[in-house]
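A short reminder: the numbers here are calculations on the coordinates, not readings from a lab. Owing to the predicted nature of the structure, the values given are computational and were not obtained by experimental measurement. Glycine gets a Cβ as well: all are built from the backbone with ideal geometry, and neighbour counts include every protein chain shown.
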Ligand SMILES: Nc1ncnc2c1ncn2[C@@H]1O[C@H](COP(=O)(O)OP(=O)(O)OP(=O)(O)O)[C@@H](O)[C@H]1O
Ligand SMILES: [Mg+2]
């Protein structure tokens, strides 16, 4: 019975015609050729134990490298004794997000409220310092935690801004419409690298003497504004998909512009474009390594630094593979989460 | 004389160069039921949508309950709060349950506490006989049920005037009846109603006066009985002979 099922599955999916069979066989052949070699390198011949490069004597991967540098890859140059501050911030974040899976829908709005308005302040104080906590300069921040900080900041900044821009682009007021249009097209038209360079190097030149804005903050705002233009275009697509009748029904019930948009239009428009929004956020997450160009080292930057350390030369593959897996893993989670949301909303409606 | 609740004084409306309403003059008294009919494209929707400012007029005055509907729509929310509207395509909010559809505007526009707003919503859903559907989403209801929900939603704002733009045109015969029944109940309860409809049976039972429109003009406006028995204009006669066949 089981075997019958498997046979059927194979027939339908891999060997339904002679050319599909041929393609399947070629793919399986190469897979069998490469995968064992990879496993040998990554697992069977790899070194896991030790504290130095010289401990890696086999021909396989030297995971000792990742182990020794692990803290740096995750936390950058953040002081060892203060790591709990970053950990606590992330614990709060993950805890709140997990909580949202277990509570009733009508309380979720409070979670959202907390994540957007309160959590950033808590996390900022925890990580940066203040209220009795020692100040830690942003130049000491780095590694995966910096990747997360930038992504999170980007999302909570770019999302509302993008929504406002999308509304602005459809506004009946001439100045607001053209301002939004120009703003969006400007940021969509320049590469992110330029934005990062400009924020880090050019921007300070235009600031009045004595005024100093943190470099990381400048870059983070630059990235967030850049992404907001993309969010705006995605949300605009959602707005355009709504029939005119929705606006008219809301108006006829006496709702003004903001109530109409926030209660009736945006909830539908945003639900319609969840995949596009997720895409933008995944892109944002994966674009953060570009800040290496202005000397800020998130995860990939830290790996670059580690692999050029004179004691650890020649271990680039392990490092990049590690970075790749981490980026893939979190992107995958984001994408699954969005699929989850989509499913939930579509079952809600029909 | 009874109190005028809607007044049109020489109203003109253009879509770009197209002259959609031409010198429209008429009044609606409080509690009166008006049915508007006429061929497709004659401006019925345009006329009814000018009353609550879903379309802007360019010339003349529209006065609703003593408030002038500004051509810039500056004060339109004041006017809209008192006017309920029911559309051909129902236009329920698909992301909300029927109950939430009804309670949304009372809570956010009238600032009625949510609990109370839901009670009001439930009462009106009972009135339109779909209270058992309260927690479903619009997409799960039949067309007739959706239209009745839409009527309930409008009534939850306790409007003084109800506008209907071809409320039964998107429905099958069976469902038309259930919606018309609700509208007849509403008429009996004394609501001021302006209804664009080709349901002449409904017009005969409910309407105090009937308006016939053609080419952006009010061609004929008469007491219901007279309208059907003694139409004056040739176009009205032609239209009636076609529709009453
Ligand atoms: N937004 C618009 N822009 C341009 N022209 C319009 C617009 N809306 C309506 N019109 C035109 O105005 C005229 C009147 O339209 P309206 O919708 O009021 O007619 P109607 O009597 O309601 O017709 P129907 O019975 O088909 O609903 C039509 O000729 C129509 O083409
Ligand atoms: Mg019409």
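Highest first, please rank the peptides B:80-87, A:199-206 by the mean number of other Cβ atoms sitting within 10 Å of their residues.
B:80-87, A:199-206
Just to verify a number: FRET efficiency for residue A:22 and residue A:2, C-beta to C-beta distance, R0 = 35 Å, to 0.05?
E(calc), rounded to 0.05, equals 0.80.
Does segment A:1-118 come out rounded, prolate or oblate by the C-alpha gyration tensor, with a ≥ b ≥ c the root eigenvalues, rounded set by a/c under 1.5 and, if not, prolate when a/b is larger than b/c and oblate if not? Numbers along the way, then the final one.
Numbers: a/c = 3.82, a/b = 1.29, b/c = 2.95.
Because a/c hits 1.5 or more and a/b fails to exceed b/c, segment A:1-118 counts as oblate.
For chain B, what does -39500 (n - 2.57) per DSSP helix run (n ≥ 4), summed and divided by total residues, give at 222 nm, in deg cm²/dmol to the nearest 500?
Working: 9 runs with 91 residues, N = 245.
Taken over chain B, the calculation gives -11000 deg cm²/dmol.
Provide a whole-number value for the mean count of partner chain Cβ atoms within 10 Å of the Cβ atoms in peptide A:236-246.
If you average over the peptide's residues, the count of other-chain Cβ atoms is 2.
Over 5 Å intervals from 0, what percent of Cα-Cα pairs in segment A:80-141 sits in each interval?
The distribution over segment A:80-141 is 4, 17, 25, 20, 14, 10, 7, 3, 0, given as percents.
Quick check on chain A: helices-only [θ] at 222 nm, where DSSP H runs of length 4 and up contribute -39,500 (n - 2.57) each and the sum goes over total residues. Nearest 500, please.
-22000 deg cm²/dmol
Starting with the highest mean, order B:66-76, A:225-235 by the number of other Cβ atoms within 10 Å, averaged over the residues of each peptide.
Top of the packing list down: A:225-235, B:66-76.
Roughly how many whole Å is it from the C-alpha centroid of segment B:80-100 to that of segment B:10-63?
Cα centroid of segment B:80-100 versus Cα centroid of segment B:10-63: 22 Å apart.
Note the full-extension length gain between residue A:194 and residue A:38 as 0.36 nm times their separation in residues minus their Cα-Cα distance, in nm to one decimal. If you can, show how the numbers build up before the last one.
Details: separation 156, 0.36 × 156 = 56.16 nm, distance 3.78 nm.
Gain on stretching residue A:194 to residue A:38: 52.4 nm.
Per 10 Å bin from zero, what fraction in whole % of the C-alpha pairs of segment B:97-245 is there, up to the bin with the longest pair?
It works out to 11, 35, 30, 16, 7, 0, in whole percents.
Given a Förster distance of 60 angstrom, what is the FRET efficiency for residue B:172 paired with residue A:49, based on the Cβ-Cβ distance and rounded to 0.05?
The value I calculate is 0.20.
Rounded if a/c is under 1.5, else prolate if a/b is larger than b/c, else oblate: which is segment A:97-220, with a ≥ b ≥ c the root eigenvalues of its Cα gyration tensor?
The shape class here is oblate.
What whole-number distance in Å separates the alpha-carbon centres of segment A:138-213 and segment A:36-53?
Each part's Cα centre sits 43 Å from the other's.
I need the shape label for segment B:197-245. Rule: rounded when a/c is under 1.5, else prolate if a/b > b/c, else oblate, with a, b, c from the alpha carbon gyration tensor.
Numbers: a/c = 1.44, a/b = 1.26, b/c = 1.15.
Here segment B:197-245 falls in the rounded category.
Alpha carbon centre of segment B:178-194 versus segment A:256-284: separation in Å?
38
Under 10 Å, Cα contacts only: if you run a Gaussian network model on chain B, which one of B:101, B:135, B:12 comes out with the highest mean-square fluctuation?
Sorting by GNM fluctuation, first place goes to B:135.
What does the highest-first list of A:297-310, B:14-27, A:30-43 look like by mean Cβ count within 10 Å?
Highest mean packing first, the order is A:297-310, B:14-27, A:30-43.
Given Cα pairs under 8 Å that are at least 6 residues apart, what percent is the relative contact order of chain B? Walk me through the numbers on the way to the answer.
On the way: 445 pairs, mean separation 62.1, N = 245.
Relative contact order comes out at 25 percent.
For peptide A:258-270, compute the average count of partner chain beta-carbon atoms within 10 Å of each residue's beta-carbon.
3
Tell me, what is the percent relative contact order of chain A, built from C-alpha pairs under 8 Å that lie six or more residues apart?
The normalised contact order for chain A reaches 18 percent.
Partner chain Cβ atoms within 10 Å, averaged over the residues of B:47-53 - can you pull that number for me? Let's see the in-between values first.
Values: counts 0, 0, 2, 0, 0, 4, 2.
Mean partner shielding for this stretch: 1.
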